[in-house]
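Inspection log for the structure reproduced underneath, given as structure tokens.
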Amino acid sequence: MNKYDSSIIKTMLSKEKFEEVTSPEDADFILLNTCAVREHAEKRVIGRLNSLKNIKTKKPDTIVGVIGCMAKDIHNLIHHPTVDFLAPPDSYRNLANWMKSEKKGLIPEVKDEEYNDIIIENKKIGAYLSITRGCDYFCSYCIVPYTRGKIRSRPPDDIIKEAESLSSGGVREITLLGQNINAYRYKGIDFPEILKRVASIGGIKRLSFLTSHPEDIPSNLFSVMANSDNITNYLHLPLQSGSDRILKRMNRRYALRDYIDIISKAHKLMPDLTLTTDLIVGFPGEEEDDYQKTLTAVKEIGFDQAYMFAYSKRKRTLANLFPDQVEEALKKARLQRLIEVQNRITEEKVKHLLGRKMEVLVVGDAKRGGKLGKNSSGRIIIIKGVAKIGSLYIVRINDINGRVPIGVIKKEV
Ligand code: SAH
Ligand code: SF4
């Protein structure tokens, strides 16, 4: 979402004749887009701000702005010696004028901002496209509802206009974004409908979406995915915990059984589904038994990949007030063990791809030679040999490097 917001900002600033430079030393303005979901992300921003001190000493006119969720959550940041202004998520429309005039302090937000009319510019093969902003689910650990406000769905016409403009600019892969994307609704148009409409735009070869919530998966979502050629069979469905007692305290309104029912429906319609998840360990009150339930769930479900976190206390959230916080060392130990278990599962899952042929869209250059591709289940594949970015190839997987499948081209599609 932050990457997408950065492209909104870039689009608006370039209209106001601001130009991008390649190094911070050459910049008149340095903007740092920030995340407040976990303390770890915040610490990295503080580290970055400290390291910008050198630039400000050499070039005192350089203006540094902190944008995004930390600008909303930590107003005290304005007292940091390198910070000049703060721009929270709904203030970006005022950014260009602010950078030309005031340059200091907190930029006011626009009420119910949706950035509907901003059609982002993108010169790459892959692009994000946000269709909802904000979230009002109030999971008890999460700061997002406080920093990004209540959910707002973007009008379908603006979404289609942006997707068409991306496609005609050369984008071949779109990822639709929303904190809780299945809750999209605009005058009777729901998420599966908007998904179908974007998928029907010419030139879009891969269409994915993030993030789904188990509570509100529309009944026809999986059939829409299964029956489309260009919607990837990829589902990121955060489970968060395998313990129903903890899920309840997290204010996630489903049980493990519901989650398993959802994914078995998805697997039935999409046998090649790639399933990924988010998991939190060390949530307040998590006993050894709850943690074991998460480990068991992970082993039984067999996620292709998981994003795993130790619970991080967030001001203003309900869980911050829970008295039975888990000790840091125990959280870390639980996280490490969970990561080991999941990594082995991920490796096993990747091995099943050996020898298989699949259609892969080339999306970029791989770091250590070859190309980076995505198959129709949204999996990243490294392709050996010469291939054109933006084209589709039939690829045969003949090797695995760590947890990444490597393929050779059989023919262009
Ligand atoms: N809207 C998405 C993503 C929210 S943030 C969703 O509901 O899935 C991404 C992930 O960060 C969450 O899924 C959760 O696993 C994790 N997360 C959020 N707040 C956290 C916290 N306080 N501590 C640890 N992990 C957290
Ligand atoms: Fe946070 Fe829950 Fe909303 Fe996701 S659904 S953004 S975890 S409150």
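Here are the numbers for the structure shown:
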| quantity | calculated |
| --- | --- |
| Some residue of the stretch 2-25 being more than 20 Å from T62 (Cα to Cα), basic (K, R), touching a strand residue (DSSP E or B) at 6+ places or on another chain (Cβ under 9 Å) and surrounded by 15 or more Cβ atoms within 10 Å (Cβ to Cβ) | no |
| Which numbered condition A333 misses (of (1) loosely packed, with under 13 Cβ neighbours inside 10 Å; (2) assigned by TED's automatic domain parsing to the domain that holds G203) | (1) |
| Some residue of the stretch 221-230 being farther than 20 Å from Y115 by Cβ, open to solvent by 40 Å² or more (accessible area, probe 1.4 Å) and within 16 Å of ligand 2 (Cβ to nearest atom) | no |
| Strands (runs of 3 or more DSSP E) fully within the stretch 298-413 counting 2 or more residues that are within 30 Å of E42 (Cα to Cα), within 16 Å of ligand 2 (Cβ to nearest atom) and modelled with pLDDT of 95 or more | 305-310 |
| Number of positions in the stretch 157-185 that are closer than 21 Å to S223 by Cα and of a type outside the set (A, V, I, L, M, F, W, C) | 7 |
| Only one of K58, K72, K53, K15 that is among the basic types (K, R) and within 21 Å of E121 (Cα to Cα) | K15 |
| The stretch 214-235 residues that are β-branched (V, I, T), paired with ones that are part of a loop (DSSP other than H, G, I, E, B) (beta carbon under 7 Å, 6 or more apart) | T232/S376; T232/S377; T232/G378 |
| Cβ-Cβ under 8 Å pairs, at least 6 apart or on other chains, the stretch 275-294 side over 13 Å from L335 (Cα atoms), far side open to solvent by 30 Å² or more (accessible area, probe 1.4 Å) and part of a loop (DSSP other than H, G, I, E, B) | P284/F322; P284/P323; P284/D324; P284/Q325; G285/F322; G285/D324 |
| Residue in the stretch 287-296 that is open to solvent by 20 Å² or more (accessible area, probe 1.4 Å) and of a type in the set (A, V, I, L, M, F, W, C) present | no |
| Residue check, L166 within 16 Å of ligand 1 (Cβ to nearest atom) and either more than 29 Å from M70 (Cα to Cα) or of a type in the set (A, V, I, L, M, F, W, C) (or both) | no |
| Single unsatisfied condition, S200 versus (1) touching a residue at least 24 places away in the same chain (Cβ under 8 Å); (2) more than 12 Å from ligand 1 (Cβ to nearest atom) | (1) |
| Residues of the stretch 63-122 satisfying the condition of being touching a Pro at 6+ places or on another chain (Cβ under 8 Å) and on the phi > 0 side of the Ramachandran plot | G68 |
| Residue identified as crowded, with 17+ Cβ neighbours inside 10 Å and modelled with pLDDT of 95 or more among R185, R172, R197 | R172 |
| Residue, surrounded by the fewest Cβ atoms within 10 Å (Cβ to Cβ), within the stretch 343-390, restricted to residues that are among the β-branched types (V, I, T) and closer than 14 Å to E412 by Cα | V386 |
| From the options A71, A36, residue that is in contact (Cβ under 8 Å) with a residue 12 or more places away in the chain and either within 16 Å of ligand 1 (Cβ to nearest atom) or in the same structural domain as R316 (by TED's automatic domain parsing) (or both) | A36 |
| Number of positions in the stretch 142-164 that are under 24 Å from L86 (Cβ atoms) and either surrounded by fewer than 18 Cβ atoms within 10 Å (Cβ to Cβ) or not aliphatic (A, V, I, L, M) (or both) | 8 |
| Long-range neighbours under 8 Å by Cβ, at least six apart or interchain, first residue at positive phi within the stretch 296-318, second of a type in the set (F, W, Y) | R316/Y146 |
| Boolean, R252 is out of contact with any strand residue (DSSP E or B) (no Cβ under 6 Å at 6 or more places or on another chain), of a type outside the set (A, V, I, L, M) and modelled with pLDDT of 95 or more | no |
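The values are calculated or read from the model by the stated rules, or taken from the named source; none is laboratory data. Because the structure is a prediction, the values reported are computed rather than measured. Note that we place each Cβ from the backbone using ideal geometry, even for glycine, and neighbour counts take in every protein chain shown. Heavy atoms of the whole protein, side chains included, go into the accessibility calculation; ligands, DNA and RNA do not. Shrake-Rupley method; radii C 1.70, N 1.55, O 1.52, S 1.80 Å.
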